[in-house]
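Quick note: the coordinates plus some simple rules give every number you see, no bench work behind them. Just so it is clear, the structure is predicted and the values come from calculations on it, not from any experiment. A quick note on method: Cβ atoms are made from the backbone with ideal geometry, for glycine too, and the neighbour counts reach across all protein chains shown.
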Amino acid sequence: MNPVSSQHTRVLSGMRPTGSLHLGHYHGVLKNWLQLQYQYECFFFIADWHALTTHYEDPEVIPGSVWEMVIDWLAAGISHTDSKLFIQSMVPEHAELHLLLSMITPLGWLERVPSYKDQQDRLKNLDLATYGFLGYPLLQAADILIYRAGLVPVGEDQVAHVELTREVARRFNHIYGREPGFEEKADQARKKMGKKAAKLYNHYRKAFQENGDHQALEAAQALLEEQQNITVNDRERLFGYLEGSGRLILPEPMPLLTKASKMPGLDGQKMSKSYHNTIALRDEPEIVEKALRTMPTDTNRVRRSDPGDPAKCPVWQFHEVYSNEEVKHWAANGCRTAGIGCVECKQPVIESVLAELRPIQERAREFEAQPELVRSIIAEGSEAARHVAQTTMVEVREAMSMKHL
Ligand code: TRP
Ligand code: SF4
């Protein structure tokens, strides 16, 4: 498929390898990916270089975390036949694009990204006054732009990084998409579409440029996507000419904001490894059951006969995620009237969590038993991703006058 038009159907996202995943990741990220993989061409990768920006002093923990994460993705149902699953460092083109983009990225843009100072303040025990850490969001921009992805599913905390990606892409296109004789080339490209399409294109372009008509812009983009007999370069020219820029070599992606998951940790705070309140996807059922049985409840319910308040109880938050209306009514009502005890109240939650984990753990065991299969899935995914990345790099090098033979 043509790179610019495929942008609208391409999704890319990555995760830093943090070891085994928990229910917070499953409800917050993976379930979303599971949906996307059937709707779009998806690229999902493990950002091991991003891990190195903070773990450069103890990198030996990274490989283990990478493979744990791959197995958890597969166990959760992320499909290597529907999506490309790969490891960032196995596609070294990301590093080349990062380098080339660094040439045009003003320092201030990186210093102003909110996560830069935040993380330096938060991770006081690490020395993050490094070149690599400052470049973290630019490496992320390279990850995205190298696949000309249109949609980047991320949480709130990553939106600023996608925004930076958009700015870098705009600057790149502005500097390198303006070629001598651009207008004439665009004009000739337009004619190659045929009379009828060329006329429509003119009409839409005028409506957008003179009246800011965004529907016309979208209609024109759809029209360009349909064209079979124009070259990649001509298509980029026509996309750029529409919006009044030069060739759009690196299209700007959009964040696909993932709703914050309602999944709480065992103590009612956000589920996170650093709070020690997680249920890992591969925790043994006995461990999961015990963790839920011993999790705190409304502290005002000291005795069985004391009525409670679900709003003050983390177990209730689990009901919100796992229980149907009937069970929720039973729990809330039973709590407020002291009609049920906390042990009873937890029972349906325990069953639901175990039922959710069962197929995931079965698949995990299958993959754990076949490490060679897991490695070959990643080898193939990385090769397929690399192929796409190389296509982009040919154009980027040419645009930046770095093609010498
Ligand atoms: N920075 C992201 C995170 O911490 C991980 C990531 C790296 C990423 N490259 C990406 C996410 C590209 C989306 C797109 O979660
Ligand atoms: Fe929490 Fe349920 Fe006990 Fe009420 S009855 S305090 S909701 S565990």
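Each residue in TRP109, TRP33 was given a count of other beta-carbon atoms within 10 angstrom of its own, and listing them fewest first yields TRP109, TRP33.
Out of every Cα-Cα pair that the chain contains, those further apart than 26 angstrom amount to 61 percent. Within straight-line reach of LYS124, meaning a Cα separation under 18 Å, sit the following aspartates and glutamates at least 8 residues removed in sequence or on another chain: GLU57, ASP58, GLU111. Put in order of Cβ neighbour count within 10 Å, fewest first, the listed residues SER382, SER305, SER376 become SER305, SER376, SER382. Sorted fewest first by neighbouring Cβ atoms within 10 angstrom, SER20, SER115, SER274, SER83 come out as SER274, SER115, SER20, SER83.
Taken about its Cα centre, the chain carries a charge dipole of roughly 980 debye when the Cβ of each Lys and Arg holds +1 and the Cβ of each Asp and Glu holds -1. Between ARG293 and THR18, the C-beta separation translates, for a Förster distance of 35 Å, into a calculated FRET efficiency of about 0.85.
Considering only PHE45, SER102, VAL29, the residue lying farthest towards the positive end of the dipole of the chain is SER102, judged by Cα position with unit charges set on Cβ.
Under a model in which nothing but the beta-carbon of Lys, Arg (+1) and Asp, Glu (-1) is charged, the range 182-242 shows a dipole of about 320 debye around its Cα centre. Ranking ALA355, CYS313, SER323 by how far each Cα lies toward the positive end of the dipole of the range 282-368 (charges on Cβ) leaves CYS313 at the top.
Find the centroid of the Cα atoms in the range 179-239 and in the range 267-339, then give the distance between the two in whole Å. Computed from Cα coordinates, the inter-centre distance equals 57 Å. Work the Kirkwood hydrodynamic radius out for the range 182-242: mean of 1/r over every pair of different alpha-carbon atoms, inverted, in Å. Mean inverse Cα-Cα distance, inverted, gives 11.2 Å.
Taking a cut-off of 19 Å between Cα atoms, list the lysines near LYS290, but don't count ones fewer than 8 places away on the same chain. Those lysines meeting the cut-off are LYS273, LYS346. The aspartates and glutamates whose alpha-carbon is closer than 17 Å to the alpha-carbon of LYS196, local same-chain residues fewer than 8 away aside, are ASP187, GLU225, GLU226.
Label zone (GLU344, point 7 Å along Cα-to-C-beta; backbone nitrogen cut-off 20 Å) within the range 311-334: 311-320, 323-334. Only helices reaching 20 angstrom along their own axis (Cα) with mean Kyte-Doolittle hydropathy no lower than 0.0 count here, and for the DSSP H runs of the chain these are 62-76. Between SER376 and GLU218, full extension at 0.36 nm per residue minus the direct alpha carbon distance yields a gain of 52.9 nm. Taking the range 131-168 and a reference point 7 angstrom along Cα→Cβ of GLN120, the backbone N atoms nearer than 13 Å belong to 131-136.
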